[in-house]
Amino acid sequence: MTTNAKTLYDKLWQSHIVDVQEDGNCLIYIDRQIIHEVTSPQAFESLRAAGRTLAHPEAMLAVPDHNVPTSADRATAINAEDSQIQLDTLERNCKDFKVDYIPMMDARQGIVHIVGPEQGFTLPGMTIVCGDSHTSTHGAFGALAFGIGTSEVEHVMATQTLVLHKLKNMRVDVDGEVGKGVTAKDIALAIIGKIGTAGGTGHVIEFTGSAIRNLSMEGRMTLCNMSIEAGARSGIIAPDQTTFDYVMGRPQSPKGAAFEQAVAYWKTLPTDQGALYDKEIFLRGEDIVPQVTWGTSPENVLPITGIVPNPDDVTDKDRKIAMQRALDYMGLTAGQKLQDVKIDRVFVGSCTNGRIEDIRAVADVVRGKKVHDNVTAWVVPGSGLVKLQAEEEGLDKILRDAGFDWREPGCSMCLAMNADKLEPFERCASTSNRNFEGRQGQKGRTHLMSPAMAAAAAVTGHLTDVREL
Amino acid sequence: MDKFTRLSAIAAPLPMANIDTDMIIPQQYLKTIKRTGLGVSAFSNIRYHDDGSEREDFILNKPAYRKAEILIAGENFGCGSSREHAPWALKDFGLKCIIAPSFADIFYGNCFKNGLLPIKLPQETIDLLLDDASRGANAIITVDLENQEISGPDGGKVSFEIDPYRKHCLLNGLDDIGLTLEKKDKIKDFEAQKRLSQPWLFKD
């Protein structure tokens, strides 16, 4: 082992150091910032109050996503007044500060973490931030991408930098081949089940191994998206040919000789042989079965073949209480088979699973079948371009024929900041990222799973092992 | 930003693990374009009944803790979203210091930007402080940032670790954007170099 060997994270970090402070913190250059309507207004307000300007408006991209209606009549739909104020404020701020803004009715509009990669705004080797914890998604490209608070949004706006301390290197290796019906979402949930929601705290997780390399860019984005649910602000995957093929030809990606020059650089980014990680976790692809959450934290996850766990089996007092609280909230009984749990709603979408591959997976499962009578099922494409692509492939017809509601792009029911939400005690098979209490609507009950698993549940009306459908 | 130097206050025990940002400030309150006024909505799902009345079993609703300025919580406090509305809501509610065995990274950083001090301590120490805090208004806890020390009501002292830069900014109530802008020339030099080595990154 050589001491000079560097990890992907080490290289991303070192190539962005503007200044090393005496206290060890570094001033880190930020290549790109994405903004949306919820976490940016206060940053613009303070910027104005201090008489400051944007350091690089051209390095920013703005898209409204959290608050937008996803109904077909979205152009004229009456939005809640406070939502509309946030949307109008974003538009006005972008106009005033000359930030590239994709309006709601533009075909490219969608969830920020889906739009960035689609537009080629996200590139390998970059530092990318956004006032949204799922910014980790962009790590799929071998970019150092992480969520920040509004004060940091403002700091980047004003200076194009952040003061940061270097995090530790963690490697999560998934080698081998995953079985049929097992997706990137199942890999992500299995990892969180193993290390817990604080397992990656203080670390950047690099995902390695053949099961990761074999994922498409869509799958890699799903996995990196969920790294924050494992506590890691960033999850990264080394760029390779799959990455370059995805990036090539995107509206904002480099073209021609510049692309070749960029690829040559991007090829230097993967972790050097012999580089050391502070923490390493190993999983086998073959061991991962479709996953589903039973509680109110993403770490409350089990194989679909499992049963609802019993708090009496836990010795730690606080954990026992937390587990009982989760079961009470979810309306589940210890010992109950997960596959017997009946559902009311299905939500396919979000920055975790709102991409074309996800919609194809749902269509594959429900083709020629019907959504169960007791279930209301939605597919919310992650962007207008995903929606168009799906419609070109005829997927919307398959979904509509099966009884799905085919909606307009946005964050929708992932966080219920818009009209899309669960009613109290409604139970949802959801492809989103968080099953926290109240996340999808007050007293709503969320079971996280892959798009294929959500589709299977839509058809049967209960949590279902998609491999057996 | 408000300074944080020394605080003597009532500490409320909330020894729950994984208190997430959705619990601290639910999504329906994020539709504001201001930083203030969120205190009334802090912890709303566990603080209020459906009809808006207060739940008696929520610690900060109990008479002994209504004036608490320190919260002692379980591990992984602030996990979930990056919403700075979480520290804004806690601050607006009147809390100035959160003590827990561990914090989620984004939330932890956000606290410092708002004059809210997050302190990490080992679970054994937390257990002792929880014990102190269970005595309500009879147990004032003092947090001294300068000396990185917490004193319990019985005179016991524990020290805590904190990043020196963050400590400096908190003690002096500094605006770190102002500090960074002092390095404008270094940033310009870095950009100039980067334009040469990675020209595809620059659009202007």
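The values are calculated or read from the model by the stated rules, or taken from the named source; none is laboratory data. Treat the numbers as computed from the prediction; the structure is a model and nothing was measured. Cβ: placed from backbone, ideal geometry, glycine included. Neighbour counts: every protein chain shown.
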Checklist entry - So B:Asp22 clears everything in (1) away from every other protein chain (no Cβ under 11 Å); (2) crowded, with 20+ Cβ neighbours inside 10 Å except one condition, right? Which one? => result (1)
Checklist entry - Residues in segment A:142-154 that are out of contact with any helix residue (DSSP H, G or I) (no Cβ under 6 Å at 6 or more places or on another chain) and touching a residue at least 60 places away in the same chain (Cβ under 8 Å): how many? => result 3
Checklist entry - Only one of A:Ala158, A:Ala188 is in contact with a helix residue (DSSP H, G or I) (Cβ under 9 Å, 6 or more places away or on another chain) and either crowded, with 24+ Cβ neighbours inside 10 Å or more than 9 Å from chain B (Cβ to nearest Cβ) (or both); which? => result A:Ala188
Checklist outcome for this item: Taking segment A:55-98 and keeping only residues that are under 30 Å from B:Glu191 (Cβ atoms) and away from chain B (no Cβ under 12 Å), one is left with A:Ala62, A:Val63, A:Pro64, A:Asp65, A:Glu91, A:Cys94, A:Lys95, A:Asp96, A:Phe97
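Out of A:Thr305, A:Thr293, I need the residue that is touching a strand residue (DSSP E or B) at 6+ places or on another chain (Cβ under 7 Å), surrounded by 14 or more Cβ atoms within 10 Å (Cβ to Cβ) and of a type in the set (Ser, Thr, Tyr). Which one?
So the residue among A:Thr305, A:Thr293 that is touching a strand residue (DSSP E or B) at 6+ places or on another chain (Cβ under 7 Å), surrounded by 14 or more Cβ atoms within 10 Å (Cβ to Cβ) and of a type in the set (Ser, Thr, Tyr) is A:Thr293.
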Checklist entry - Taking segment B:3-36 as the region of interest, how many residues are within 19 Å of B:Ser81 (Cβ to Cβ) and either basic (Lys, Arg) or part of a loop (DSSP other than H, G, I, E, B) (or both)? => result 12
Checklist entry - Can you name the condition, by its number, that A:Asp318 falls short on among (1) loosely packed, with under 15 Cβ neighbours inside 10 Å; (2) touching a residue at least 60 places away in the same chain (Cβ under 8 Å); (3) not in a loop (DSSP other than H, G, I, E, B)? => result (2)
Next on the checklist: Suppose the filter is crowded, with 24+ Cβ neighbours inside 10 Å, in contact with a helix residue (DSSP H, G or I) (Cβ under 7 Å, 6 or more places away or on another chain), farther than 18 Å from A:Glu218 by Cα and not hydroxyl-bearing (Ser, Thr, Tyr); does A:Met170 pass it?
Outcome noted: no
Checklist entry - Out of (1) within 13 Å of chain B (Cβ to nearest Cβ); (2) modelled with pLDDT of 95 or more; (3) out of contact with any strand residue (DSSP E or B) (no Cβ under 8 Å at 6 or more places or on another chain), the odd one out for A:Ile35 is which? => result (3)
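Based on what the data block shows, is A:Asn374 of a type in the set (S, T, N, Q), part of a loop (DSSP other than H, G, I, E, B) and more than 20 Å from A:Ala184 (Cβ to Cβ)?
yes
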Checklist entry - Quick check: anything in segment A:164-181 under 23 Å from B:Tyr165 (Cβ atoms), touching a Cys at 6+ places or on another chain (Cβ under 8 Å) and not charged (D, E, K, R)? => result yes
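Restricting to segment B:110-148, what's the tally of residues that are within 23 Å of B:Leu179 (Cα to Cα) and of a type in the set (D, E, K, R)? Please lay out each step first, then the result.
Narrowing segment B:110-148 to residues within 23 Å of B:Leu179 (Cα to Cα): B:110-118, B:145-146.
Narrowing the set further to residues that are of a type in the set (D, E, K, R) leaves B:113, B:146.
Within segment B:110-148, residues that are within 23 Å of B:Leu179 (Cα to Cα) and of a type in the set (D, E, K, R) number 2.
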Item to check | Scope segment B:180-204; condition within 8 Å of chain A (Cβ to nearest Cβ) and among the aliphatic types (A, V, I, L, M); matching residues | outcome: B:Leu181, B:Ile187, B:Leu201
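Kindly evaluate B:Ala64 against the criterion of being hydrophobic (A, V, I, L, M, F, W, C) and assigned to a loop (DSSP other than H, G, I, E, B). Steps first, please.
Values: hydrophobic (A, V, I, L, M, F, W, C): yes; assigned to a loop (DSSP other than H, G, I, E, B): no.
For B:Ala64, the condition - hydrophobic (A, V, I, L, M, F, W, C) and assigned to a loop (DSSP other than H, G, I, E, B) - is not met.
Checking the conditions here, which among B:Ile187, B:Ile141 is among the hydrophobic types (A, V, I, L, M, F, W, C), touching a Ser or Thr at 6+ places or on another chain (Cβ under 9 Å), buried (at least 16 other Cβ atoms within 10 Å of the Cβ) and in a strand (DSSP E or B)?
Only one candidate qualifies: B:Ile141.
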Checklist outcome for this item: Listed by first then second residue, the pairs whose first member lies in segment A:216-245 and is more than 23 Å from A:Tyr265 (Cα to Cα) and away from every other protein chain (no Cβ under 13 Å), whose partner is outside any helix (DSSP H, G or I) and of a type in the set (A, V, I, L, M, F, W, C), with beta carbons under 7 Å and at least 6 positions apart or on separate chains, are A:Leu223/A:Phe207; A:Leu223/A:Leu215
Next on the checklist: I need every pair where a residue in segment A:102-126 that is in contact (Cβ under 8 Å) with a residue 40 or more places away in the chain and of a type in the set (D, E, K, R) has its Cβ under 9 Å from the Cβ of a residue that is in a loop (DSSP other than H, G, I, E, B) and surrounded by fewer than 24 Cβ atoms within 10 Å (Cβ to Cβ), sequence separation at least 6 or different chains.
Outcome noted: A:Arg108/A:Ile102; A:Arg108/A:Pro251; A:Glu118/A:Arg108; A:Glu118/A:Arg250; A:Glu118/A:Pro251
